[in-house]
Amino acid sequence: MNATPEFYVVRAGDSLAKIAAKFHVSLAQIKEWNPQIKNFNLIHPGDRVRVVAPSEEPDGEFEPFPGKDFFQPSVSSPIIEVMGWRLIEEGCSAYPDEPDLQWSEADRRSYAKWQQKLGFTGSDADGIPGRGSWEKLHVPALHMSE
């Protein structure tokens, strides 16, 4: 397990300066690594902030794993909705209607079906995405411009 995740999910009371200090990086690095943030004084709970330098791999066509902490009821993100549509494409839907931006029990149940489809069992098929199963799902990359 990596000591430092690639991304941090903003919580109430966070600022970019606090996040930088928490991960022992400079505020300038946080700003450089997060060009999607247009107003550095305005972040919201649930926002995803990159806290390590991006890899030198070319911009991929798939969304990078946002970290286990991302998948909780307080998080609302287009990544969750796009993940839901991929789960439906894979025949792993437990959605009563369509997926949306908010992480929900339907997302967890759908993702558990995906994990089971991959052959995971027990606590490895709990519906909380892990890096390996996420990378196999091939969630299309979102190029956030907000």
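Have a look at A20, A106 and point out the one that is open to solvent by less than 60 Å² (accessible area, probe 1.4 Å) and modelled with pLDDT of 90 or more. Step through it out loud before you land on a result.
Numbers: A20 fails: modelled with pLDDT of 90 or more.
Just a single option satisfies the conditions, and that option is A106.
Scanning the stretch 110-146 for residues that are farther than 17 Å from K68 by Cβ and of a type in the set (D, E, K, R), which turns out most open to solvent (accessible area, probe 1.4 Å)?
So the residue we want is E146.
Kindly check whether there is at least one residue in the stretch 71-85 that is in contact with a Lys or Arg (Cβ under 6 Å, 6 or more places away or on another chain), surrounded by 14 or more Cβ atoms within 10 Å (Cβ to Cβ) and either under 21 Å from H44 (Cα atoms) or modelled with pLDDT of 90 or more (or both). Lay out the reasoning, then the answer.
Applying the first criterion (in contact with a Lys or Arg (Cβ under 6 Å, 6 or more places away or on another chain)) to the stretch 71-85 yields none.
There is no residue in the stretch 71-85 that is in contact with a Lys or Arg (Cβ under 6 Å, 6 or more places away or on another chain), surrounded by 14 or more Cβ atoms within 10 Å (Cβ to Cβ) and either under 21 Å from H44 (Cα atoms) or modelled with pLDDT of 90 or more (or both).
Take K68 and tell me if it is surrounded by fewer than 11 Cβ atoms within 10 Å (Cβ to Cβ) and of a type in the set (K, R).
Considered against the rule, which asks whether it is surrounded by fewer than 11 Cβ atoms within 10 Å (Cβ to Cβ) and of a type in the set (K, R), K68 comes out as no.
S93 - would you say it is surrounded by 18 or more Cβ atoms within 10 Å (Cβ to Cβ) and of a type outside the set (A, V, I, L, M, F, W, C)?
Answer is yes for this residue.
Of (1) basic (K, R); (2) open to solvent by 40 Å² or more (accessible area, probe 1.4 Å); (3) within 23 Å of V10 (Cβ to Cβ), R50 satisfies all except one. Which?
Of everything listed in (1) basic (K, R); (2) open to solvent by 40 Å² or more (accessible area, probe 1.4 Å); (3) within 23 Å of V10 (Cβ to Cβ), R50 misses just condition (2).
State whether one or more residues within the stretch 39-62 are in contact with a strand residue (DSSP E or B) (Cβ under 6 Å, 6 or more places away or on another chain) and of a type in the set (F, W, Y). Show your work before the answer.
Here is the first cut: in the stretch 39-62, the ones in contact with a strand residue (DSSP E or B) (Cβ under 6 Å, 6 or more places away or on another chain) are 46, 48-51.
Restricting the remaining residues to those that are of a type in the set (F, W, Y) gives none.
No, every residue in the stretch 39-62 fails to be in contact with a strand residue (DSSP E or B) (Cβ under 6 Å, 6 or more places away or on another chain) and of a type in the set (F, W, Y).
The values are calculated or read from the model by the stated rules, or taken from the named source; none is laboratory data. Please read all numbers here as calculations on a predicted model, not as lab measurements. Don't worry about glycine lacking a Cβ; one is built from the backbone with ideal geometry, like all the others, and counts go over all protein chains shown. These area figures cover heavy atoms from the full protein model, side chains too; ligands, DNA and RNA do not enter into them. Shrake-Rupley method; radii C 1.70, N 1.55, O 1.52, S 1.80 Å.
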